[in-house]
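The values are calculated or read from the model by the stated rules, or taken from the named source; none is laboratory data. Quick caveat, the model's predicted, so the values are computed rather than measured. Note that we place each Cβ from the backbone using ideal geometry, even for glycine, and neighbour counts take in every protein chain shown. Ligands, DNA and RNA are excluded from the accessible area calculation, which covers all protein heavy atoms including side chains. Shrake-Rupley method; radii C 1.70, N 1.55, O 1.52, S 1.80 Å.
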Amino acid sequence: AAQVEELSTREMEILELLAEGHSNKQIASRLSLTEGTVRWHLWHVYNKLHVRSRTEAVLKFQSARTA
């Protein structure tokens, strides 16, 4: 849970959309970002949460929100 608290507001928005099953392209479109910016944010999310994949990031995010 502490790791999730380190995420920025934008990183949380991206993770929420990721958890809903959206692709990087869809997330970029919804948030008026480029796909490269979405990937950049996800790279930071992976590092902050100490995960290696979208699935791991979403699972850790959802686990922290329900704790």
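In the stretch 46-59, the residues that are farther than 18 Å from residue 21 by Cβ reach residues that are among the aromatic types (Phe, Trp, Tyr) and modelled with pLDDT of 95 or more with C-beta atoms within less than 7 angstrom, at least six apart or across chains, in these pairs: 52/46. Being crowded, with 17+ Cβ neighbours inside 10 Å and among the aliphatic types (A, V, I, L, M) is a property that residue 19 lacks. Does at least one position in the stretch 57-67 carry a residue that is on the phi > 0 side of the Ramachandran plot, more than 11 Å from the chain's Cα centre (by Cα) and not aliphatic (A, V, I, L, M)? Within the stretch 57-67, not a single residue is on the phi > 0 side of the Ramachandran plot, more than 11 Å from the chain's Cα centre (by Cα) and not aliphatic (A, V, I, L, M). So is residue 56 assigned to a helix (DSSP H, G or I), touching a His at 6+ places or on another chain (Cβ under 7 Å) and of a type in the set (Asp, Glu) or not? So residue 56 does not fit the description; no.
Restricting the stretch 23-53 to residues that are part of a loop (DSSP other than H, G, I, E, B) and under 21 Å from residue 66 (Cα atoms) leaves a set whose member that is least open to solvent (accessible area, probe 1.4 Å) is 51.
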